[in-house]
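The values are calculated or read from the model by the stated rules, or taken from the named source; none is laboratory data. All values reported here derive from a predicted model rather than from experimental measurement. Cβ sites come from the backbone with ideal geometry, for glycine too, and all protein chains shown count toward neighbours.
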Amino acid sequence: MINTLENDDEHLVHMCFCDEAQNIFEDQFIKGKKYVSFSRGMPIGMTHGDTAIVFNRSKLESKGYKFINLEYTKEFFDKQPDLKEHVYGEDFDKTNIRKILKKDIRELKKLNVDKRKIKSIKNQIEQHKNDDISPYVLKTCSREKGAVLFDNCIDFELEDIETIICSSRTVHKYYPLSKDYSSKILYLQDYYPCSSIMFSPLHEYCEELELSFDNIKEAVPELDTYIAMMYHYVYQLAINEQSRIMAVFDPKPVLELSPIFEQAFINLPRIDKADKQDFVDRLLNKRILYDNKESWLEDLFRT
């Protein structure tokens, strides 16, 4: 089995939201502000969307595109101030980090989670009173295993894509993709929960993934590690065809959603970028993948 937690220089993964993916595939074009961001393989934390577009790096480089692998050290970013601004961004402003962490605490309290998780976040808030937060920023950013294109846009063709990992078919009821891409798509929901032939190499690898993400959750208790783990599991199936023989495949139909969730999908393009991941997590992960029908989840979309 391939260790999907390690850097994968054969593949470049671009994460985006399902409404953005529709436009990306129609235009066969990705545009960034100063650079176009990728991960070397599947990122460890899902922070930039729900749709993973897995490119063949060699095919893009053969067209003349140049990428640089990010090194998550202070020395690297001190020598690359433009990249530092691109990677750190406003999200890692000390005040903003404390604001995000306090929001995480409010969400965790609603879920009545283990109080140790809340205490861990409170400790992080205290730590961020210090002037130098660069160690925290570097550790957080390193989960993305980043690489950037030294340009702000990239054209691609169908054959440049190895696979597309989407959360569910329900998403494409609202944001359908061209049939040209249908053979490239793997749906997370078809393999959820993580299940494989007992005692197979894939089963052993899935157990290793669970242990790895349990350790990550100890350090980052607010992270939904099971969904992140599922992306790595399906990524394994995508880049290692033999593993698919060992996986339990259970195709899931499109879900019928309540009018409130329907409206939430329609409003997705209008959601502020800063709030979009949280919005998508509630809509795609909690409602669709976890099949959560509790009333409090709909209440969040009414506000």
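General remarks:
- Residues being of a type outside the set (D, E, K, R) and part of a helix (DSSP H, G or I) - total across segment 1-37: 6
- Subset of segment 209-240 that is among the acidic types (Asp, Glu) and touching a residue at least 40 places away in the same chain (Cβ under 8 Å) - its residue that is surrounded by the most Cβ atoms within 10 Å (Cβ to Cβ): Glu222
- Meets criteria (within 23 Å of Ala228 (Cβ to Cβ), crowded, with 17+ Cβ neighbours inside 10 Å, at pLDDT below 95 and not charged (D, E, K, R)) for Gly49: yes
- Lone unmet requirement of (1) within 19 Å of Gln189 (Cβ to Cβ); (2) part of a helix (DSSP H, G or I); (3) modelled with pLDDT under 90 for Lys293: (2)
- Out of Ile227, Ile216, Ile260, one residue alone is farther than 26 Å from Arg143 by Cα, among the hydrophobic types (A, V, I, L, M, F, W, C), part of a helix (DSSP H, G or I) and modelled with pLDDT under 95. It is Ile260.
- If you go through segment 279-290 and pick out every residue that is in a helix (DSSP H, G or I) and either free of Cβ contacts under 8 Å to residues at least 24 places away in the same chain or more than 19 Å from Asp19 (Cβ to Cβ) (or both), you end up with 4.
- Subset of segment 138-159 that is of a type outside the set (A, V, I, L, M) and within 18 Å of the chain's Cα centre (by Cα) - its residue that is nearest to Lys66 (Cα to Cα): Gly146
- Among all residues of segment 55-70, there is none that is at pLDDT 95 or above, polar (S, T, N, Q) and touching a Phe, Trp or Tyr at 6+ places or on another chain (Cβ under 6 Å).
- Scanning segment 42-60 for residues that are of a type in the set (Gly, Ala, Ser) and either outside any loop (DSSP other than H, G, I, E, B) or under 15 Å from Ala147 (Cβ atoms) (or both) returns Ala52, Ser58.
- Residue identified as of a type outside the set (S, T, N, Q) and in contact with a Leu (Cβ under 9 Å, 6 or more places away or on another chain) among Tyr290, Tyr231: Tyr231
- Taken as a whole, the structure leaves Ser58 outside the set of residues that are touching a strand residue (DSSP E or B) at 6+ places or on another chain (Cβ under 8 Å) and either more than 30 Å from Tyr187 (Cβ to Cβ) or in contact (Cβ under 8 Å) with a residue 12 or more places away in the chain (or both).
- If you filter segment 230-256 down to residues that are in a helix (DSSP H, G or I) and of a type in the set (D, E, K, R), you find that the one that is nearest to Glu107 (Cα to Cα) is Arg244.
- Consider segment 264-282 and keep the residues that are loosely packed, with under 15 Cβ neighbours inside 10 Å and of a type in the set (D, E, K, R). The one that is modelled with the lowest pLDDT is Lys273.
- Scanning segment 25-41 for residues that are surrounded by 18 or more Cβ atoms within 10 Å (Cβ to Cβ) and under 16 Å from Asp155 (Cα atoms) returns Phe25, Ile30, Tyr35, Val36, Ser37, Phe38.
- For segment 22-52, a residue qualifies if it is at positive phi and out of contact with any strand residue (DSSP E or B) (no Cβ under 8 Å at 6 or more places or on another chain), but none of them does.
- Applying the criterion of at least 1 residues that are acidic (Asp, Glu) to the strands (runs of 3 or more DSSP E) found wholly in segment 147-205 leaves 153-155, 161-166.
- Unmet requirement for Glu75, which otherwise passes all of (1) at pLDDT 95 or above; (2) at negative phi: (1)
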